[in-house]
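Reading through the structure tokens given below for one structure.
Coordinate-derived values only; no laboratory data. Everything numeric in this text was worked out from a predicted model, so none of it was measured.
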Amino acid sequence: MENLNFIDPLLHGITPNPASKLSVKNLVCAGISSLVIGAVLKKVGHNKTAAIVGGLAVPLLASACYKHLEKSSKAKREATESSGIEYNH
């Protein structure tokens, strides 16, 4: 018989790796730090480097916002959903 691990990896005990282990707080600090470092580099006169470093701030802050919204919506969803088993007493 063929090795059919590609069909459903969860059935074979293969769990996907989490996308990021960074917390929302770490992402926000990295985004704000990127803005500050970019501003300092621009003030010193390194315009191209400042643009690159400062450009990292938007994706970092956007991913922090997404992660926060995902976390809050997941908690809200878990609070409102039922297990599907209803007991009538």
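A few notes on this one:
- Phi to ³J(HN,Hα) by Karplus 6.51 cos²θ - 1.76 cosθ + 1.60 over segment 42-54, Hz, x for Gly, Pro: 5, 5, 6, x, 9, 5, 5, 5, 5, 5, 5, 5, x
- Additional length obtainable on full extension of the chain from residue 21 to residue 46, 0.36 nm per residue less Cα span: 5.8 nm
- Measuring between alpha carbons in the structure, the pairs from 48/74; 21/76; 21/74; 42/71 lying more than 29 angstrom apart are 48/74; 42/71.
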